[in-house]
Structure formats: C-alpha cells, structure tokens
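Participant: The structure is given below, and queries will be raised subsequently.
The values are calculated or read from the model by the stated rules, or taken from the named source; none is laboratory data. For clarity, every value in this text was computed on a predicted model and none was experimentally measured. Counting neighbours? That spans all protein chains shown, and the Cβs are built from the backbone with ideal geometry, glycine included. We work out accessible area using only protein heavy atoms, side chains counted, and drop any ligands, DNA or RNA first. Shrake-Rupley method; radii C 1.70, N 1.55, O 1.52, S 1.80 Å.
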Amino acid sequence: MSPRPLRVRFLALGIALPVAISVLLAVGALPLGSNPSQLGTDSSRILDAVPPAASADVAAPGAELAADTEFADDAGHADDRNAGALAALQSELARHLARGAGRTGNWGVLAVSGARGDTLFAQNHGASLAPASNQKLLTSAGALYHLGPDFRFTTFLLADGTVSNGRLHGDLILYGTGDPALSDRLLESEVAPFREFARELRRQGVRTVTGDILGDGTFFTGPTRRDSWNPRDLNDWFAAPVSGLSFNENVVTLRVQASAPGTAPRVRTQPEGALLPLANQGRTVAGGVRTPLMVVRDDPDAPIEIRGEMAPGQADAWRRITVSDPPAFAASILKRVLREEGIRVEGSSGSVRDASESRVTGTRLVAPAFQGVGDEGAAGSWDDGSSVGGTRTAGETWTVAVHHSPPVRDLLDVVNKRSHNLYAEALLLAMGRTAWGDGSFDGGSGVLTRYLTRVVQLDSDGLNVVDGSGLSRLNRARPSDLVTLLAHMDRDEHADAFWASLPEAGNQRELRRMYRSAAAGNLRAKTGTIHRVSALSGVVRTLDGEPIYFSIVANDVPSPWAAKQVEDRIGIQLAAFTRPFDPELPASVRYAGRGTEVGEGAATAQDGQQDR
C-alpha cells in the first residue's frame, strides 16, 4: 500500500509560513518562551508585503519584505494553556541543546507549525551551515521540478556498421544518458538490460561483432567527482564517480584467492568478467606470511594494486571499491553477456573518453531528447528519435535497442531512503543537461541554485550548491532554507512523490531511529552525515495532529553519532507536543504519516551505515 497523503492547507493562501521564516531571518531568533503575537503585527501587513506563491510557478523576482515587517502569529489570542505548553516545549528543546553533544559544535535549529505558521523553536536558524545529505532535499525538489516524477533515463545499444551474413562489420556502442540504476537494486539483475540488448541483436541476425564494444558516457561532461569531496572517501561506494554511463553503481567487488606457492593470487570480480586497471603484485607463499595482503589505490583514477602475501588455504580476501572508468567497466560486462548469449566479439572493450571522440554525442541519430532545452519545468523523458545536443549526422550508426530506467519517483526513494549519492548526483547533472544543456557539476549546481532562488525563493546569501548529494563540505544552506523548502513542497504539484521518498522514523527498512516513540511511524525526515556534520530535516505531527516542519543541522561536532541522539530527542519531543489544534484549520501538509506501510526495496549490504 502506498503512503496515504493527508492534506492540511496553509493560512492566507499558503504564504504565512514563508513570511514567518523570512521575517525570522530579518529580526533573528525569538526569545525562548516568547509569544510571537506580542510583536504587534497583523497578517494583513504581511499580505500586503509579500506576493502570493500558491503554486510552483516562478514568483515575481525581487519581491522583498518591508524593512519594518514583523512576524505575525494567527494564534495571537492563544490562551494561557497554549502559551504554557509552548514555553515548556521550548524549555525542553533548549535543555537538549545545552547538554551532551548539543553543547559542542555549531547548531542551527528551527521548528515551525505547518498549520498555524508560528515558530515553536528557533536557535541559530539563519546560520549558513554544511547540510551533509540534507542537500538531497534540495536536489529532490529540483529534480521533480525540472525532470518530473515520471521522467526515465535512457540507455542505448548502437551499432556502427553494416550487417551481412550474421556479421556486424563495426563496433557496438553502449551509450548512456545518466541512468544510475543499471544495477540489481531496482532491476532483476544488473545485467538484465544487457541480456535484452544481446537478444535483440540476435533477433536482428547478428552472431559476430568484428569490432569493439565501447562504453560512451560523454552525455555528462566535466569531472566525475567534486574536488571538495573527502579524498579519504574516494575508494568507497558512497563516493563513486558520476558518469553518463554508470553500471553496478560504479563499484566492483574484488575476491582475491591464494594460488600455487610462488605465483600471484587469483583475482575474481563481482560482477564477473569486469576488466579493470589492476596491478597484481601479491604473492602466494608456502611459509608464513610476513606481509599481509592488501588491496590499495592511492588515487581513484589509478590502477588497483594487490600487495602482500597469502598462504595456500588462507581465507579469500574481499574488497569493494569504486571503478575509475565506469563506461569501460560497463562495456567489459556487456562483452561478457554477449558471449554468454552466443554472440562472438572479435575486438576488445573500452570507453569513449571525450565528447569530441564520440560518434553519438552531438548527433541527430538518437535521442536523449530535450524538448525545449533551457526552458524551466519538467522535461519529460529522453527517448529515441531526436538530437543529442548537436546537428551533425552519424554515418552508419543505428539503434539496436533501448532500455528505460525506473521513473524518477522510484529513484528518489533510493536518493533519500538509502541516502545514495550517485543517484543524487545523476539527477543534478541531468538537471543541468535538461535546463542549460550543461551536464556537469557546474551546470547542475547552477540550475538547482536558480530553481531554489527563483521558484522556492530562498535568499542566495548563505546558499551554496556544490553538488547534489551533500558530500562536499562546501555546500551551504540554513535551517530556515530547509524549512522553507519543506513548506514549498507541500504546495507543489509533486508533493506526494517528494514526501513518499523521505524515510519514516522507527521503520527498520528506512529510518531505524526513534523506534517505539511518539515519532515512530510519524516523523519523516532526511538524515545527513559527513565528517563532523550531522543533520535531520523533515516533518512530524504532534499528539494533536498538528504538522511541524523542522530542520536540525550541526557542524563541527566531535561525534556526528552523538549529535544524532540530540536530533532524536528533539524529534520525539516535537512528536509528543500537545496544544489545542483544530484539524479544520486551513493548511496543506500532504505528508504520509501514521499508518503507512514499509516501502519496497530493502537496504543492500553496500548501503552500510553511511547516513543513518
């Protein structure tokens, strides 16, 4: 069963909450225990100061609050019981932030009612902080806007040559447009699309390929990683390179086995048949092992090295590691599958390194079709039949078969519930390619920044988009930015797809934290973890059903894992909050809360604990 949307509408045509956040930035955090109604401003002044933004359309640029505008609370006549409950909540939240991990580092926290529009708690909420994987909230919203929930990436098998007597006289080209899901995570197996390609080739009468198998990922351009990613992470699955042609999430597992004494150990790969730059300097020795076996690579683009010794009968050594050339990796596996399906390949496998060398990028043969490149809004899907960013013809290259990825709504489940960085980066680069024709980190970051400032209307001061995943410590966002985004997505046409992608607290297959608490089965939020950074942003309902948007971002903390305990206490405290709440209040949180079932797609071993 899919998550049940529960609709709550915003006061004042959906503008009270963004106004509240904007004014908070102007006047600073409210004193703990203060009543916003005491500021002496009514909602009519805010309505005059801010243009309505009831849809995802671009609002009038440059609209700003009047300098003397103050925060207005629709609950200005709240009784003493309301004020007392709010004061008690603020006191408890402040206490959590004044002890243990809350005393260390730089914390920014904001909690705002999605129904009343008042601020329940604010501390340093205007600080520009590294959001870690909370960056994925920004990327997800931008992907839904520019690509749409039903957008699918396309991967093509192309033939460059003619067929006669069962022989293809030329090369096969495996051409990708950014699909991160050519793996067994969402598919029957990682090679299932390749088997379909091989069978289609056979249906067209091909039994031998005289040329090479070439992987072409030049649909995306520029560096495959950001320079600001932690260099110590670059061999790990969560920092895999981004390419127009990705396969098996751009990681390979090495299995190193002892062989006969005096010889190098055997190296096998999973998936089988992968050709990798590998320097096997290891040795199988008959006597005692003096130097333990190691699998090392100092530079992620350098060959993988096997060093040290193994003894006969010693347990196999296993290592999962990122691949340096994803298109070549994919092409080598396709060659193996073709052989298994009865198609002989006389040439080798390799990759196209640059768009200038591609026989596809820049042609009108096949389509990663961008209808209206440069327009704002969803692009539909990339399909065969139009251009790939250019006008030159493609000689004898023709399409053999096409594979379509799962839709973006399914990919976002992986982005946010598994906190998968490769998927997030693929969506970022796809946004750049769609809107600006620039499928690079810079292009994607520019498009996402433009969306956040023009559509969501975040202030560009304090906002810095470097990547789509949050791996870079140079990303910057404020807790108030994240709360504004969450409020915006409730009014967005793709709100249901956005909320359904966020992990649910207490769910053992999503966000395993806060189990058996008021937040379990209720709170939905995105986690975030990089070195000395932890974050949690999302929505939770109080005991009375009142929706609360919140963002908690901590930088420079000695232990992100200890910081998460503080986040959990805050989330549980918000979920346990109670004050009179009229469910008929006009508001709009379309958020899947209590009573939802576990989503499909279990975590895999390689997800690990990177962002939990």
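Participant: If you go through segment 179-202 one residue at a time, how many are crowded, with 21+ Cβ neighbours inside 10 Å, small (Gly, Ala, Ser) and part of a loop (DSSP other than H, G, I, E, B)?
Facilitator: Final tally of qualifying residues: 2.
Participant: Does Val408 count as under 23 Å from Gly468 (Cα atoms) and at pLDDT 95 or above?
Facilitator: Judged against the criteria, Val408 is a match.
Participant: Sort out which residues of segment 479-537 are closer than 25 Å to Asn230 by Cβ, within 17 Å of the chain's Cα centre (by Cα) and among the charged types (D, E, K, R), and write them in order of number.
Facilitator: Answer for segment 479-537, where residues must be closer than 25 Å to Asn230 by Cβ, within 17 Å of the chain's Cα centre (by Cα) and among the charged types (D, E, K, R): just Lys526.
Participant: Here's a follow-up. Among the residues that make up segment 347-356, is at least one of them at pLDDT below 95, under 24 Å from Gly176 (Cα atoms), open to solvent by 30 Å² or more (accessible area, probe 1.4 Å) and among the hydrophobic types (A, V, I, L, M, F, W, C)?
Facilitator: Yes, that holds for at least one residue.
Participant: For Ser469, all conditions in the list (1) in contact with a strand residue (DSSP E or B) (Cβ under 7 Å, 6 or more places away or on another chain); (2) open to solvent by less than 10 Å² (accessible area, probe 1.4 Å) hold save one; what is the number of the exception?
Facilitator: It fails just one condition, (1).
Participant: Something else: Quick one: which of Leu511, Leu458 is modelled with pLDDT under 95 and buried (at least 24 other Cβ atoms within 10 Å of the Cβ)?
Facilitator: Only one candidate qualifies: Leu511.
Table: residues versus (1) buried (at least 22 other Cβ atoms within 10 Å of the Cβ); (2) touching a residue at least 40 places away in the same chain (Cβ under 8 Å).
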{"site": "Trp436", "(1), (2)": "no, yes"}
{"site": "Ser440", "(1), (2)": "no, yes"}
{"site": "Phe498", "(1), (2)": "yes, yes"}
{"site": "Ala505", "(1), (2)": "yes, yes"}
{"site": "Ala520", "(1), (2)": "no, no"}
{"site": "Gly545", "(1), (2)": "no, no"}
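Participant: While we're here: Which residue is modelled with the lowest pLDDT, if the candidates are limited to segment 70-119 and must be over 30 Å from Pro558 (Cβ atoms) and open to solvent by less than 10 Å² (accessible area, probe 1.4 Å)?
Facilitator: Once the filter is applied, the top-ranked residue is Phe71.
One line per residue, one yes/no per condition, for (1) assigned to a strand (DSSP E or B); (2) loosely packed, with under 12 Cβ neighbours inside 10 Å; (3) within 31 Å of the chain's Cα centre (by Cα); (4) modelled with pLDDT of 95 or more:
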| site | (1), (2), (3), (4) |
| --- | --- |
| Gly287 | no, yes, no, no |
| Arg290 | no, yes, no, no |
| Asp301 | no, no, yes, no |
| Gly313 | no, yes, no, no |
| Ile321 | yes, no, yes, yes |
| Pro327 | no, no, yes, yes |
| Ala330 | no, no, yes, yes |
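Participant: Restricting segment 154-178 to residues that are part of a loop (DSSP other than H, G, I, E, B) and in contact (Cβ under 8 Å) with a residue 60 or more places away in the chain, which is nearest to Gln270 (Cα to Cα)? It would help to see each step written out before you state the result.
Facilitator: Restricting attention to segment 154-178, the residues satisfying the condition of being part of a loop (DSSP other than H, G, I, E, B) are 165-166, 177-178.
Subset that is in contact (Cβ under 8 Å) with a residue 60 or more places away in the chain: 177-178.
Numbers: Thr177: 24, Gly178: 22 Å.
Step by step, filter segment 154-178, then rank; the result is Gly178.
Participant: Next up: Could you check how many residues of segment 210-232 are touching a strand residue (DSSP E or B) at 6+ places or on another chain (Cβ under 9 Å) and over 30 Å from Arg359 (Cα atoms)?
Facilitator: Matching residues across segment 210-232 total 1.
Participant: So is Ser243 among the hydroxyl-bearing types (Ser, Thr, Tyr), open to solvent by less than 30 Å² (accessible area, probe 1.4 Å) and out of contact with any strand residue (DSSP E or B) (no Cβ under 6 Å at 6 or more places or on another chain) or not?
Facilitator: Taking the combined requirement at face value, the residue satisfies it.
Participant: Then there's this: From (1) of a type outside the set (Val, Ile, Thr); (2) assigned to a strand (DSSP E or B); (3) open to solvent by 50 Å² or more (accessible area, probe 1.4 Å), pick out the condition that doesn't hold for Leu275.
Facilitator: Every condition holds for Leu275 apart from (2).
Participant: Here's a follow-up. Filter segment 418-456 down to the residues that are acidic (Asp, Glu), in a helix (DSSP H, G or I) and farther than 18 Å from Pro406 by Cα and list them by number.
Facilitator: Asp442 - this is the single residue of segment 418-456 that is acidic (Asp, Glu), in a helix (DSSP H, G or I) and farther than 18 Å from Pro406 by Cα.
Participant: Now a separate question. Within segment 479-496, which residues are open to solvent by 10 Å² or more (accessible area, probe 1.4 Å) and either farther than 25 Å from Asn124 by Cα or among the hydrophobic types (A, V, I, L, M, F, W, C) (or both)?
Facilitator: Arg491, Glu493, His494, Asp496
Participant: Spot the failing condition for Val163; the list is (1) closer than 30 Å to Glu396 by Cβ; (2) open to solvent by less than 10 Å² (accessible area, probe 1.4 Å); (3) hydrophobic (A, V, I, L, M, F, W, C), and only one is missed.
Facilitator: (2)
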